[in-house]
Amino acid sequence: MELIHVADDGGDEMTLVNYNGRKYPKFPGSMQTKPIEKLPSVEIRSDDILVCTFPKSGTHWVCEMVRLLVAGQLDPDVGKGFHLMEGCSEDDYKNLPSPRILNTHVLFNDLPEQVKVMKPRILYVTRNPKDVTVSYYNFVKKLTMCYNYTGEWKNFFRPSLEGKFDNGSWFDYVKDWEEVKKTTDVPILTINYEDMKENLFREMKKIQAFLGIRRSDEFVKEVCDHCSFASMKKSKAAMSAVTYRKGEIGDWKNWFTIAQNEWFDQIYKEKMKDCPLEFRYTLK
């Protein structure tokens, strides 16, 4: 586990952690507690709920929905806090009451070894890669204590999609999870960001059924209202400046040049030719 500096196309560097050939953010205190190294041995319970996403795909949004569905009430202090397993010590969530809600951006085979034994439920969240890339650029620029990155969008765009920065390539991530779903007996429900934006109640009912939670439609609708982007950004004011930006579908159009969009479409066609996934880049 070592600190490295990775340059974008313009020479601006991003500070990252390298471990076993994979790159991760430099989370505060992570060089001392080394949660990435200890992740394989983390104890997992069968009733844990894991929210697995590529960064900026709706992680906190889904975690908040699940927290409220589990709690059965809108009390902001019930089950407060989410725990990114590769970013914080196991001591931070080891003794939390069940069911714990844990989230991560690592690949399935990098999850704790007990996942394959205890078989907790996994909510796997996808989002269109154009908006992911734009959202992640803005996130990295704001989170200076982790990345110390000052580069421009035009120099971030290509290396990010090629997997040069932390968490690797979006393409590799989603294709890996698609292969995992074909072979594992760990229960996995795929939820799509654009589908949630289109009809949150419908998607939340799917999550509720998958988790085996019984709540009234009235309460689910209350959770939907509570979890609207405007409401989330206001209620999570302490973290909203970094975590919650726009939450829109199609914001990529304000960032991608014509040349960048053409390059992306060609790369997508090449890398995803054997993958049946389809994404929506706008909502009508």
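Rule-based calculations on the coordinates, nothing more; no lab input. Bear in mind the structure is a predicted one, so any value in this text is a computation, not a measurement. So basically every Cβ, Gly included, is an ideal-geometry build from the backbone, and we count neighbours across all protein chains shown.
The slack in the chain from residue 46 to residue 175, taken as 0.36 nm per residue of separation less the alpha-carbon distance, amounts to 43.9 nm. When only DSSP loop residues count, what chymotrypsin sites (Phe, Trp or Tyr not before Pro) in region 148-214 have their Cβ near at most 11 other Cβ atoms within 10 Å? Loop-located and lightly packed - none at all. Its relative contact order, with pairs defined as Cα atoms under 8 Å and 6+ residues apart, puts the chain at 23 percent. From helices alone, the chain scores -12000 deg cm²/dmol at 222 nm; the rule is -39500 (n - 2.57) for each run of n ≥ 4 DSSP H residues, then divide by the residue total.
Taking 7 Å steps out from each Cα toward its Cβ at residue 277 and residue 228 produces label points 3.0 nm apart. From most to least packed by mean Cβ count within 10 Å, the peptides 271-279, 1-9 give 1-9, 271-279. Note on residue 284: aspartates and glutamates with a C-alpha under 20 Å away, same-chain residues under 8 apart excluded, are 131, 194, 195, 198, 203, 248, 251. With Cα atoms defining each centre, region 106-132 and region 152-202 are spaced 10 Å apart in the structure. Residues in region 133-148 carry Karplus couplings, in order, of 5, 5, 5, 5, 4, 5, 5, 4, 5, 7, 8, 5, 5, 9, 9, 6 Hz; the curve used is 6.51 cos²θ - 1.76 cosθ + 1.60 with θ = phi - 60°, and Gly or Pro positions show x.
Determine the alpha carbon to alpha carbon distance for each of 34/94; 38/206; 141/197 and list only those over 27 Å.
Details: 34/94 16 Å; 38/206 33 Å; 141/197 25 Å.
Flagged as over cut-off: 38/206.
Just the number, please: percent antiparallel of the DSSP beta bridges in the chain, rounded to the nearest 5. If we restrict to bridges inside the chain, about 40 percent are antiparallel.
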